[in-house]
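Written out below as structure tokens is the structure these notes cover.
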Amino acid sequence: MTTNRIGVFGANGRMGLALLEAATIKEQTQLTGAYVRSGSSLLGINVNQVNSAADNSVSFSDENSIDNVDVLIDFTLPSGMKNHLKTAVAQKIPMVIGTTGLTNDDMALLHDAAKHIPIVFARNYSVGVNVLLNLVQTAATKFGDDLDIEIFEAHHRHKIDAPSGTALAIGESIAQAKGWDHDEVAVYDRSQVETAKSQNEIGYSVLRGGDIVGEHTAYFATMGERLELTHKASSRMTFALGAVRAASWLENKPAGLYDMQDVLDIK
Ligand SMILES: NC(=O)C1=CN([C@@H]2O[C@H](COP(=O)(O)OP(=O)(O)OC[C@H]3O[C@@H](n4cnc5c(N)ncnc54)[C@H](OP(=O)(O)O)[C@@H]3O)[C@@H](O)[C@H]2O)C=CC1
Ligand SMILES: O=C(O)C1=N[C@H](C(=O)O)C[C@H](O)C1
């Protein structure tokens, strides 16, 4: 296997820093780009000064000057991701994207871009959550119709989007198995719904606090019993190593939109 040269957008972010380390320590990959915004005070500074586990031959550089990379990784915000996507398409460089909080319009841009370059997009790069996406489909269909489905997620105090991308992916996976339109069955705010819960709903609830890396529980509750399927991430390196694995998997793939279940071959 050849060595993939990896460039990381948003390299100074929480995930960015973990990705610099993951691309450095994986044998099949080499970190060659640590991209930050134009004007960042980090430009020119060795990445090793910010994360001592990251390759000390690389310095932070401007996100508008990409070269010497085989694949780009983006865990930023939707506004950043859209710009980075344009750059990747213009330079025909495959992308791994983990940014959440995307709108339907943003998703349409991803689908368009994937006509030109191969892209892996996943709202969670852990193995556990991608297995969970299959398990919830089994749970949702093995109980009868008298079933209440709720999804709870907890994250650190800095997280902006809610519910998390992973919570929505779990809900969409359940909706698909039930033959439901997710947008029609999702309930985000029960305080405004002054009726009892119906069984054709997926309810979401959210906690934000401290340094929680990411926790998700899908509840399947009926009369007399309740099944709870929980995933807990305890390190961002889990996501970063998954994303770097996806970057290696992308080598020689044709243009198209893939996800982490494709990478893990568990669809
Ligand atoms: N799919 C998955 O497995 C996971 C996904 N995530 C997602 O990754 C994203 C980032 O999370 P996290 O690292 O915690 O966030 P941070 O806030 O720590 O980092 C965000 C990074 O994005 C950069 N950025 C933001 N806006 C722009 C822009 N318009 N142009 C260029 N760069 C920009 C920031 O740069 P600056 O400092 O200059 O603002 C910073 O480097 C979130 O959407 C999160 O939900 C997180 C973990 C796992
Ligand atoms: O913002 C985070 O931190 C995370 N975001 C992703 C999400 O929105 O699901 C994945 C993970 O849970 C951490």
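Here, each number is a calculation from the coordinates, and none is a lab measurement. This is a predicted model, so every value here is computed, not measured. Glycine also receives a Cβ, built like all others from the backbone with ideal geometry; neighbour counts cover every protein chain displayed.
General remarks:
- Label sites at Thr222 and Asn64, each approximated as a point 7 angstrom past Cα along Cα to Cβ, lie 5.9 nm apart.
- For Lys115, the lysines whose Cα comes closer than 23 Å to its Cα, not counting residues fewer than 8 places off in the same chain, are Lys82, Lys86, Lys92, Lys253, Lys267.
- Mean Cα-pair separation over length for the chain, i.e. relative contact order, pairs under 8 Å, 6 or more apart, %: 21 percent
- Between helix 127-142 and the chain: long-axis angle, C-alpha atoms, 0 to 90°, nearest 10: 20 degrees
- Percent RCO, i.e. relative contact order, over the stretch 15-110, from Cα pairs under 8 Å lying at least 6 residues apart: 23 percent
- Peptide ranges 33-43, 14-24 listed from the most packed, as the mean C-beta count within 10 angstrom indicates: 14-24, 33-43
- Fully extending the segment from Phe143 to Arg157 would add 1.5 nm, taking 0.36 nm per residue of separation and subtracting the current Cα-Cα distance.
- Working note: Karplus 6.51/-1.76/1.60 with θ = phi - 60° gives the stretch 101-118 the couplings x, 6, 8, 4, 5, 4, 5, 5, 4, 4, 4, 4, 4, 5, 6, 10, 9, x Hz, where Gly and Pro are set to x.
- Highest mean packing comes first when the peptides 249-259, 189-199 are listed by Cβ atoms within 10 Å, giving 249-259, 189-199.
- Peptide ranges 112-119, 94-101, 205-212 listed from the most packed, as the mean C-beta count within 10 angstrom indicates: 94-101, 112-119, 205-212
- Looking at the stretch 132-248 alone, DSSP beta bridges between its own residues are antiparallel in about 65 percent of cases.
- Normalised contact order of the stretch 140-267, rounded percent, pairs of Cα under 8 Å and 6 or more residues apart: 31 percent
- Calculated FRET efficiency, Ser52 to His111, Cβ-Cβ distance, R0 = 51 Å: about 0.85 to the nearest 0.05.
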